[in-house]
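S.K.: Pasting a structure here, questions to come.
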Amino acid sequence: MPSLCRDCLTRFDKGTRCPACRRPRIITHDELETLSIAHMDCDAFYASVEKRDNPALADKPVIIGGGRRGVVSTACYIARIKGVRSAMPMFKALQLCPDAVIVRPRFEAYTEASRAIRAMMEELTPAIEPLSLDEAFMDLTGTERLHGAPPAVMLARLIKRMKAELGLTGSIGLSHNKFLAKIASDLDKPRGFSIIGKAETESFLRPRPVRLIWGVGAAAQEQLDRAGIRTFDDLLRWDRQDLIARFGGMGDRLWHLARGEDRRRVTRNAPMKSISNETTFSDDTNDPDILDGHLWRMAEKVADRAKAKGLAGRVVTLKLKKSDFALISRRLSLGDATQIADRIYRVARGLFDQVPTGQAYRLLGVGLSDLVSEDQADRAGDLLDPNAESRAKAERATDAIRKRFGEDAILKGRALR
Amino acid sequence: MKISMERATLLRAVAQAQSVVERRNTIPILANVLIEAEGETVTFRATDLDIEVLDKAVAQVEKSGGTTVSAVTLHEIVRKLPDGALVVLSDDAAAGRLSVSAGRSQFNLATLPKEDFPVMASSEYSSNFTAKANQLRRLFDKSKFAISTEETRYYLNGVYMHVAEADGGRVLRCVATDGHRLARIDSDLPTGAEDMPGVIVPRKTVGELRKLLEEDDMDIAVSVSETKVRFATPDITLTSKVIDGTFPDYTRVIPQNNTRKLEVDAAEFAKAVDRVATVSSERSRAVKLQLDEDRLILSVNAPDSGAAEEELAVAYGDDRLEIGFNAKYLLEIANQVDRENAVFMFNSSGDPTLMREGNDTSAVYVVMPMRV
């Protein structure tokens with residue numbers, strides 16, 4: 001059976017140790033040399049960058065996240081042993097792991113590291129689909145002759161280079177489609193290299209829970225539970241038509257995934273579906289002025305990102321989380337797509353005004369979706385708000401000033417609340 | 001209660017009731033129609049708590065009384081019965097069933113007690129007048145397309161019916177707008193309407209009202225208060241709450257000084273707009289109008305899907321002008337024109353444009369341009 005040493009990249013036929021370097025980190029799989037769809041996921045990315053840049057943190061539990069009220073964005077593996085997980089409220093994380101070092105995220109550093117990894121991946125294949133700063137799909141189909149080595153070798157080499165040149169580790173999942181590659185990269189974390197071949201796809205999936213499917217969250221899980229579907233085996237017992245009848249479009253996808261089929265391609269720049277920003281307050285508040293200030297800042301952030309990407313949206317969403325964590329979400333479709341902070345703010349404000357007042361909130365978010373290109377946006381004025389046009393012009397002028405003199409060169413009074 | 005009615009009469013009464021009933025209901029009795037028989041008349045009453053419709057019909061009443069039953073189910077049954085059938089409705093209060101029989105068909109429907117049926121509180125109307133069905137039909141038909149569906153500006157979710165000062169004196173006026181376009185329709189002021197408070201008639205009420213206005217010469221009794229409006233024919237009474245809000249000052253929106261005048265055959269214009277818009281796959285399709293001496297070029301340029309152009313012979317004598325509009329809005333206002341040419345009055349490519357039919361100022365439309 002084809003085998004590969006992950007340390008010296010020697011290929012050999014059989015054995016539990018590498019014949020060249022005698023080390024045991026080997027991968028053995030029948031389809032080792034033919035599979036070409038990969039998912040690379042960095043190990044505790046933010047925390048690893050912090051540990052790399054500050055060696056004093058190396059043997060300490062490190063949590064990346066903001067403030068007393070924030071949530072954990074990444075926990076290093078030492079903190080994970082104590083049960084700390086991503087998206088966990090910070091106070092809970094600290095209960096589990098009181099000696100943790102909390103580090104405020106430094107996104108510039110992560111973006112830079114991500115860019116360096118991306119450049120290494122570019123040397124392997126042009127077909128890269130980043131999912132976030134620290135993970136990406138790669139399609140290496142047809143690159144074997146170019147590189148003189150099968151994808152598995154190139155991927156092992158990528159991980160070696162990341163460790164040697166950037167001091168960062170990652171895990172690889174290699175399979176025959178994106179769905180399985182993504183599952184594989186998670187099987188053996190950290191510093192993993194897992195393969196799911198065509199031959200064992202079905203037997204591999206059968207006993208596993210359906211929540212492995214990327215995109216099946218708590219809500220979908222509950223729907224599936226109600227239908228008695230917990231494992232892929234349960235799913236296999238369903239007719240395709242019945243699944244479609246019960247779950248709609250998702251049903252059809254489930255039917256295929258149950259058979260390990262996923263025809264989605266690895267596409268560069270998967271189109272963005274929505275832009276949103278939210279903030280968790282350091283203290284719950286029902287102060288209308290403070291909330292209004294947050295509303296404006298979130299609208300402005302969303303608008304800034306939309307403008308940076310040349311996008312505009314037709315649907316504005318307002319998200320609020322009450323003190324008891326109950327979520328309120330309101331949306332409104334506009335006739336004309338927008339990327340203007342003033343319009344986004346006014347719509348979000350209108351939505352906010354429909355929510356019962358006096359309520360204390362812990363989180364507020366604003367989102368823009370149903371995205372279109374910016375040249376299809378803000379083309380029509382509002383008969384009933386003739387000043388909207390001049391406010392939009394003022395905003396464009398503000399943007400120009402900021403571009404020249406910096407982000408804080410000019411602010412709305414509202415943003416200071 | 002036991003009554004017999006001719007199927008067509010029953011169908012008409014029940015149809016009106018079932019269309020008021022909300023399809024998704026959390027309060028069971030609101031899905032029901034209240035049927036009450038007394039003397040020689042039967043009344044059918046349905047409500048969604050905002051609108052109440054009351055329909056009277058002549059029937060052979062063997063036993064007076066009343067009950068409530070699912071409006072949609074009853075309507076479906078009656079609709080499927082053969083034409084000309086005699087339908088007998090008989091209520092068994094003890095069993096909580098209403099039997100519906102016609103010929104050899106027999107149905108038993110679950111009922112809810114009539115005492116539970118919410119009857120809209122009667123109110124004092126400060127203004128009562130009569131208008132012809134065709135007069136109201138014109139007012140609402142020509143304005144309703146501009147009603148907004150946006151819930152944050154709920155005060156735009158209806159037609160603003162009020163008394164206004166026009167060039168030829170006081171008029172009964174209906175205005176609707178969604179911020180993109182506006183319709184302002186005037187008609188003669190009926191006697192008795194002079195002191196009517198301005199009210200915003202909700203979209204659903206406008207739709208229900210339309211069914212009362214089929215016969216041109218029918219007299220419609222209109223009653224208005226600050227909170228309610230009522231339209232009544234001899235058989236049907238439609239009562240509705242009005243939208244509790246202030247309609248914006250629309251008069252500022254109507255351009256007074258637009259001087260560039262375009263006159264065009266509305267039907268030809270609408271067809272041409274529709275044709276060129278075909279190539280665009282965007283949701284808000286933008287059409288560009290290029291105006292030159294007696295010539296109008298309509299064009300659409302959609303980078304992703306294609307381009308189209310069409311030339312129309314028109315009457316235009318002002319400076320060259322290029323202006324863009326949402327194709328849907330142009331079509332909707334052009335479709336309001338039925339007798340004469342459409343007259344557009346432009347200012348600049350960024351200002352609202354006015355449209356009317358010939359020189360008739362009793363129906364004017366304003367539409368906001370779009371950057372193209």
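The values are calculated or read from the model by the stated rules, or taken from the named source; none is laboratory data. Just so it is clear, the structure is predicted and the values come from calculations on it, not from any experiment. Note that each Cβ is placed from the backbone with ideal geometry, even for glycine, and that neighbours are counted across all protein chains shown. The area values use the complete protein model at the heavy-atom level, side chains included, leaving out ligands, DNA and RNA. Shrake-Rupley method; radii C 1.70, N 1.55, O 1.52, S 1.80 Å.
S.K.: In the set B:GLU62, B:GLU36, B:GLU52, B:GLU115, which member is among the acidic types (Asp, Glu), surrounded by fewer than 17 Cβ atoms within 10 Å (Cβ to Cβ) and in contact with a strand residue (DSSP E or B) (Cβ under 7 Å, 6 or more places away or on another chain)? Can you show your working first?
M.R.: Values: B:GLU36 fails: surrounded by fewer than 17 Cβ atoms within 10 Å (Cβ to Cβ); B:GLU52 fails: surrounded by fewer than 17 Cβ atoms within 10 Å (Cβ to Cβ); B:GLU115 fails: in contact with a strand residue (DSSP E or B) (Cβ under 7 Å, 6 or more places away or on another chain).
B:GLU62 is the lone residue from the list that is among the acidic types (Asp, Glu), surrounded by fewer than 17 Cβ atoms within 10 Å (Cβ to Cβ) and in contact with a strand residue (DSSP E or B) (Cβ under 7 Å, 6 or more places away or on another chain).
S.K.: Okay, moving on. Say we look at the range A:379-413 and pick out the residues that are within 14 Å of another protein chain (Cβ to nearest Cβ) and over 19 Å from B:ARG252 (Cα atoms); which of these is modelled with the lowest pLDDT? Break it down stepwise before answering.
M.R.: Taking the range A:379-413 first, the residues within 14 Å of another protein chain (Cβ to nearest Cβ) are A:379-390, A:392-393, A:396.
Right, trim to over 19 Å from B:ARG252 (Cα atoms) and you get A:379, A:392-393, A:396.
Working: A:ARG379: 85, A:ALA392: 89, A:LYS393: 90, A:ARG396: 89.
The extreme case among them is A:ARG379.
S.K.: Can you confirm whether A:GLU129 is farther than 29 Å from A:PHE247 by Cα and either outside any helix (DSSP H, G or I) or of a type outside the set (Ser, Thr, Tyr) (or both)? Walk me through it before giving the result.
M.R.: Values: farther than 29 Å from A:PHE247 by Cα: no; either outside any helix (DSSP H, G or I) or of a type outside the set (Ser, Thr, Tyr) (or both): yes.
No; evaluated as a whole, the condition is false for this residue.
S.K.: Next question, about the same structure. Give the residue, chosen from B:ILE27, B:ILE77, that is farther than 23 Å from B:THR239 by Cα, more than 24 Å from the chain's Cα centre (by Cα) and not hydroxyl-bearing (Ser, Thr, Tyr).
M.R.: Numbers: B:ILE27 fails: farther than 23 Å from B:THR239 by Cα.
Within the list B:ILE27, B:ILE77, the selection yields B:ILE77.
S.K.: Please go through the range B:101-122 and pick out each residue that is closer than 19 Å to B:ASP55 by Cα and not charged (D, E, K, R).
M.R.: Of everything in the range B:101-122, those that are closer than 19 Å to B:ASP55 by Cα and not charged (D, E, K, R) turn out to be B:PHE117, B:PRO118, B:VAL119, B:MET120, B:ALA121, B:SER122.
S.K.: Could you please find all residues in the range A:122-150 being in contact with a helix residue (DSSP H, G or I) (Cβ under 7 Å, 6 or more places away or on another chain), of a type in the set (A, V, I, L, M) and touching a residue at least 60 places away in the same chain (Cβ under 8 Å)?
M.R.: Listed by number, the residues that qualify are A:ILE128, A:LEU133, A:ALA136, A:MET138, A:LEU140.
S.K.: Here's another thing I want to ask about it. Being in contact with a helix residue (DSSP H, G or I) (Cβ under 9 Å, 6 or more places away or on another chain), surrounded by 20 or more Cβ atoms within 10 Å (Cβ to Cβ) and in a loop (DSSP other than H, G, I, E, B) is true for just one of A:LEU368, A:LEU383. Which residue is that? Let's see the steps before the verdict.
M.R.: Details: A:LEU368 fails: in a loop (DSSP other than H, G, I, E, B).
Exactly one residue qualifies, and that residue is A:LEU383.
S.K.: Please enumerate the residues belonging to the range A:29-44 that are surrounded by fewer than 23 Cβ atoms within 10 Å (Cβ to Cβ) and not charged (D, E, K, R). Explain how you work it out, then say what you get.
M.R.: First pass over the range A:29-44, keeping only residues surrounded by fewer than 23 Cβ atoms within 10 Å (Cβ to Cβ): A:29-34, A:41, A:43.
Passing the criteria: A:HIS29, A:LEU32, A:THR34.
S.K.: Of all residues in the range A:340-365, which are farther than 26 Å from B:GLY324 by Cα, facing chain B (nearest Cβ under 8 Å) and not in a loop (DSSP other than H, G, I, E, B)?
M.R.: Selection gives A:GLY350, A:LEU351, A:ASP353.
S.K.: A further question on this structure: Please pick out the residue among B:VAL87, B:VAL78 that is part of a strand (DSSP E or B), in contact (Cβ under 8 Å) with a residue 60 or more places away in the chain, on the phi < 0 side of the Ramachandran plot and more than 14 Å from chain A (Cβ to nearest Cβ). So that I can check it myself, show each step before the final result.
M.R.: Working: B:VAL78 fails: part of a strand (DSSP E or B).
Exactly one of B:VAL87, B:VAL78 is part of a strand (DSSP E or B), in contact (Cβ under 8 Å) with a residue 60 or more places away in the chain, on the phi < 0 side of the Ramachandran plot and more than 14 Å from chain A (Cβ to nearest Cβ), namely B:VAL87.
S.K.: Turning to a different aspect of this structure: Could you please find all residues in the range B:218-227 being under 20 Å from B:LYS204 (Cβ atoms) and open to solvent by 20 Å² or more (accessible area, probe 1.4 Å)?
M.R.: Going through the range B:218-227, the residues under 20 Å from B:LYS204 (Cβ atoms) turn out to be B:220, B:222-227.
Matches in the range B:218-227: B:GLU226, B:THR227.
S.K.: Within the bounds of the range A:323-339, is there any residue that is of a type in the set (Ser, Thr, Tyr) and within 14 Å of chain B (Cβ to nearest Cβ)? Explain how you work it out, then say what you get.
M.R.: Let us first name the residues in the range A:323-339 that are of a type in the set (Ser, Thr, Tyr), namely A:323, A:329, A:333, A:338.
If we keep only those that are within 14 Å of chain B (Cβ to nearest Cβ) too, we end up with A:333, A:338.
Yes: one or more hits.
S.K.: Let me ask something else about it. Would you confirm whether or not the range A:285-299 contains a residue that is more than 14 Å from chain B (Cβ to nearest Cβ) and assigned to a strand (DSSP E or B)?
M.R.: Looking through the range A:285-299, at least one residue is more than 14 Å from chain B (Cβ to nearest Cβ) and assigned to a strand (DSSP E or B).
Matching residues to (1) open to solvent by 60 Å² or more (accessible area, probe 1.4 Å); (2) more than 14 Å from every other protein chain (Cβ to nearest Cβ); (3) touching a Gly at 6+ places or on another chain (Cβ under 8 Å); (4) farther than 23 Å from B:ALA146 by Cα:
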{"position": "B:GLU309", "(1), (2), (3), (4)": "yes, yes, no, yes"}
{"position": "B:GLY324", "(1), (2), (3), (4)": "no, no, no, no"}
{"position": "B:LYS328", "(1), (2), (3), (4)": "yes, no, no, no"}
{"position": "B:VAL337", "(1), (2), (3), (4)": "no, yes, no, no"}
{"position": "B:ALA342", "(1), (2), (3), (4)": "no, yes, no, no"}
{"position": "B:THR353", "(1), (2), (3), (4)": "no, no, no, no"}
{"position": "B:ASP360", "(1), (2), (3), (4)": "no, yes, no, no"}
{"position": "B:ALA363", "(1), (2), (3), (4)": "no, yes, no, no"}
{"position": "B:MET368", "(1), (2), (3), (4)": "no, no, yes, no"}
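S.K.: Something else about it: Has the range B:91-98 got at least one residue that is in contact with a strand residue (DSSP E or B) (Cβ under 6 Å, 6 or more places away or on another chain), open to solvent by 60 Å² or more (accessible area, probe 1.4 Å) and farther than 25 Å from B:VAL33 by Cα? Can you show your working first?
M.R.: Here is the first cut: in the range B:91-98, the residues in contact with a strand residue (DSSP E or B) (Cβ under 6 Å, 6 or more places away or on another chain) are B:91, B:96-98.
From the residues that got through so far, the ones that are open to solvent by 60 Å² or more (accessible area, probe 1.4 Å) too are B:97.
In the following step, the residues that additionally are farther than 25 Å from B:VAL33 by Cα were identified as none.
Scanning the range B:91-98 turns up no residue that is in contact with a strand residue (DSSP E or B) (Cβ under 6 Å, 6 or more places away or on another chain), open to solvent by 60 Å² or more (accessible area, probe 1.4 Å) and farther than 25 Å from B:VAL33 by Cα.
S.K.: Is it fair to say A:ALA400 is assigned by TED's automatic domain parsing to the domain that holds A:ARG305, out of contact with any helix residue (DSSP H, G or I) (no Cβ under 8 Å at 6 or more places or on another chain) and part of a helix (DSSP H, G or I)? If you could, list the steps in order and put the result at the bottom.
M.R.: Values: assigned by TED's automatic domain parsing to the domain that holds A:ARG305: yes; out of contact with any helix residue (DSSP H, G or I) (no Cβ under 8 Å at 6 or more places or on another chain): yes; part of a helix (DSSP H, G or I): yes.
Taking the combined requirement at face value, the residue satisfies it.
S.K.: Shifting gears a bit: Going by the conditions given, is A:ARG330 crowded, with 17+ Cβ neighbours inside 10 Å, in a helix (DSSP H, G or I) and of a type outside the set (Val, Ile, Thr)? Break it down into steps so the answer makes sense when it comes.
M.R.: Values: crowded, with 17+ Cβ neighbours inside 10 Å: yes; in a helix (DSSP H, G or I): no; of a type outside the set (Val, Ile, Thr): yes.
Taking the combined requirement at face value, the residue does not satisfy it.
S.K.: Tell me yes or no: at least one residue of the range B:246-265 is within 14 Å of another protein chain (Cβ to nearest Cβ), open to solvent by less than 80 Å² (accessible area, probe 1.4 Å) and part of a helix (DSSP H, G or I).
M.R.: yes
S.K.: Now, a different point. Which of the residues that make up the range A:363-376 are modelled with pLDDT under 90 and either within 25 Å of the chain's Cα centre (by Cα) or not assigned by TED's automatic domain parsing to the domain that holds A:ARG391 (or both)? Let's see the steps before the verdict.
M.R.: Narrowing the range A:363-376 to residues modelled with pLDDT under 90: A:372-376.
Selection gives A:VAL372, A:SER373, A:GLU374.
S.K.: Enumerate the pairs (first residue in the range B:339-361 and farther than 22 Å from B:GLN290 by Cβ; second residue anywhere and in a loop (DSSP other than H, G, I, E, B) and of a type in the set (Lys, Arg)) with beta-carbon separation below 8 Å, excluding pairs fewer than 6 apart on the same chain, so at least 6 apart or on different chains.
M.R.: Listed pairs, sorted by first residue: B:GLU357/B:ARG339; B:GLY358/B:ARG339.
S.K.: One residue is enough: does the range A:140-162 have a residue meeting the conditions assigned by TED's automatic domain parsing to the domain that holds A:TYR46, surrounded by fewer than 18 Cβ atoms within 10 Å (Cβ to Cβ) and hydroxyl-bearing (Ser, Thr, Tyr)?
M.R.: yes
S.K.: When the residues of the range A:183-236 are narrowed to those that are open to solvent by 70 Å² or more (accessible area, probe 1.4 Å) and of a type in the set (A, V, I, L, M, F, W, C), which ends up farthest from A:LEU4 (Cα to Cα)?
M.R.: Only one residue fits best here, namely A:ALA219.
S.K.: Only one of (1) in contact with an Asp or Glu (Cβ under 8 Å, 6 or more places away or on another chain); (2) away from every other protein chain (no Cβ under 14 Å); (3) open to solvent by 80 Å² or more (accessible area, probe 1.4 Å) fails for B:LEU289. Which number is that?
M.R.: Failing condition for B:LEU289: (3).
S.K.: May I ask you to verify whether A:ALA308 is open to solvent by 10 Å² or more (accessible area, probe 1.4 Å) and among the small types (Gly, Ala, Ser)? Explain how you work it out, then say what you get.
M.R.: On the way: open to solvent by 10 Å² or more (accessible area, probe 1.4 Å): yes; among the small types (Gly, Ala, Ser): yes.
Answer is yes for this residue.
S.K.: Another question, then. Looking at this structure, is B:ALA121 in a loop (DSSP other than H, G, I, E, B), aliphatic (A, V, I, L, M) and either open to solvent by 10 Å² or more (accessible area, probe 1.4 Å) or away from chain A (no Cβ under 14 Å) (or both)? Quick ask: steps written out before the conclusion?
M.R.: Values: in a loop (DSSP other than H, G, I, E, B): yes; aliphatic (A, V, I, L, M): yes; either open to solvent by 10 Å² or more (accessible area, probe 1.4 Å) or away from chain A (no Cβ under 14 Å) (or both): yes.
For B:ALA121, the condition - in a loop (DSSP other than H, G, I, E, B), aliphatic (A, V, I, L, M) and either open to solvent by 10 Å² or more (accessible area, probe 1.4 Å) or away from chain A (no Cβ under 14 Å) (or both) - is met.
S.K.: If you don't mind, another one. May I ask you to list pairs of residues, at least six apart or on different chains, whose Cβ atoms are under 6 Å apart, with the first in the range A:344-355 being assigned by TED's automatic domain parsing to the domain that holds A:SER369 and the second being part of a helix (DSSP H, G or I) and among the small types (Gly, Ala, Ser)?
M.R.: If the second residue must be part of a helix (DSSP H, G or I) and among the small types (Gly, Ala, Ser), the pairs left are A:ILE344/A:ALA299; A:ILE344/A:ALA303; A:TYR345/A:ALA299; A:ALA348/A:ALA299.
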